[in-house]
1. Would you tally the residues in the stretch 109-165 being within 30 Å of Y260 (Cβ to Cβ), surrounded by 17 or more Cβ atoms within 10 Å (Cβ to Cβ) and among the small types (G, A, S)?
2. Hey, any hits in the stretch 266-284 for a residue that's in contact with a helix residue (DSSP H, G or I) (Cβ under 6 Å, 6 or more places away or on another chain), under 18 Å from T177 (Cα atoms) and among the basic types (K, R)?
3. Any residue at all in the stretch 149-158 that's assigned to a loop (DSSP other than H, G, I, E, B) and either within 14 Å of the ligand (Cβ to nearest atom) or at pLDDT below 95 (or both)?
4. Between a first residue in the stretch 32-56 that is in contact (Cβ under 8 Å) with a residue 40 or more places away in the chain and more than 25 Å from V242 (Cα to Cα) and a second residue that is within 16 Å of the ligand (Cβ to nearest atom) and of a type in the set (V, I, T), which pairs have beta carbons less than 8 Å apart while being 6 or more apart in sequence or on different chains?
5. Within the stretch 234-247, which residues are more than 15 Å from the ligand (Cβ to nearest atom), in contact with a helix residue (DSSP H, G or I) (Cβ under 8 Å, 6 or more places away or on another chain) and either at positive phi or not in a loop (DSSP other than H, G, I, E, B) (or both)?
6. If you take the residues of the stretch 248-264 that are away from the ligand (no atom under 12 Å from the Cβ) and surrounded by 24 or more Cβ atoms within 10 Å (Cβ to Cβ), which of them is nearest to R200 (Cα to Cα)?
7. Mind checking whether some residue in the stretch 192-212 is surrounded by fewer than 23 Cβ atoms within 10 Å (Cβ to Cβ), among the acidic types (D, E) and part of a helix (DSSP H, G or I)?
8. In the stretch 41-70, how many are away from the ligand (no atom under 11 Å from the Cβ) and either out of contact with any Ser or Thr (no Cβ under 9 Å at 6 or more places or on another chain) or among the small types (G, A, S) (or both)?
Amino acid sequence: MKINGIAYRSVWRPSDDAKSIRIFDQTRFPWEVEVLELRDMGAVAHAIRSMQVRGAPLIGAVAAYGLVFALQDDASDAALEKAAADLIETRPTAINLRWAIERMVKHLRSLPPERRIDAGYVEADAICDEDVQVNEAIGRHGLELIREIWERKGRQGRVNLLTHCNAGWIATVDWGTALAPIYMAHDEGIPVHVWVDETRPRNQGSLLTAWELGSHGVAHTVIADNAGGHYMQAGDVDMVIVGTDRVTAQGDVANKIGTYLKALAAKDNNVPFWVALPSSTIDWRVRDGVKEIPIEERSQNEVLFMTGLTESGDPGRVRIAPKNSPAANPAFDVTPARLVTGLITERGRCDASEEGLKALFPES
Ligand code: MRU
């Protein structure tokens, strides 16, 4: 997608320095577009932990390069396993991270150590290229849903969508998952409007999704996290569409904290609740998401402080709770499959159920 008219991916290898990667520092959006250069595994692990890069598919892609960087000094089996374990640990809920690292390890272990670095770059590049293709396909399948709504409305008014967190192009290598169909609908002239949940505590909605949509010219309104149910009751939401960090074999969906409450409100108001995901987000090893998906607990300071533009025009942080009040900060929650209308994958749509997933992915 484009920033100031220039097309970018969210991670790339510069042609003049192929042994490093570039990412956007997502902690600086929307105030600054700052490009960071990463060339060792420590920097990659830090970027993932501190959420300079974030979004399940992008974390996986960046971690794949991190694994290659780790082999520069020692490409032995032991070094490979150790780096893989360290990277997987950086963020526990997003399964794409483990998926990408396991794919890299499987491929590299089959090669002699002296061939692992070059082959690693090729494989990490392939993960990135595939992510772009997969998200484009998700976009096309999701676009059909938006078209159906637009036709049902007699091509009158606008299609109102609601999204939570940021599942846009900067959360993937390109296109995004939940936002891909929205970009495509907008590009073909369907008047879409997006209710953007601010997504406390880190505000990925108001800071990142609103910036992405605005940059692409998509009509949107930032709302407080608690406002979605109100707009659903008023008939102002035609569809909820979100991304996910992990989907279980029975179709339970882990996504940014607060997603579950949106799904409950959607159910109560007969609003379709769709989840967009690449198949790399499916964790076939777990079934019951509430019991089995580890939920990342992040620093309480993310809840106790808010980041924004201060009156002086510079980004800054303010405390929003009494000095001695503690906070809890689960970063994700699990929406049970029964609340999910369906899943949008690169192979098409399916029910959020074991049967639905198996029908699309029989090989799994
Ligand atoms: O904590 P984050 O910002 O990495 O969380 C991101 C999300 O919850 C996204 O919805 C999810 O990763 C899907 S991104 C295509």
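1. 3
2. No.
3. no
4. From residues that are in contact (Cβ under 8 Å) with a residue 40 or more places away in the chain and more than 25 Å from V242 (Cα to Cα), the pairs are V44/V62; A45/T90.
5. Scanning the stretch 234-247 gives a single hit, M239.
6. So the residue we want is A263.
7. There is no residue in the stretch 192-212 that is surrounded by fewer than 23 Cβ atoms within 10 Å (Cβ to Cβ), among the acidic types (D, E) and part of a helix (DSSP H, G or I).
8. 13
The values are calculated or read from the model by the stated rules, or taken from the named source; none is laboratory data. Note that the structure is predicted; figures quoted are calculated from it, not measured. Cβ atoms come from the backbone with ideal geometry, glycine included; neighbour counts cover every protein chain shown.
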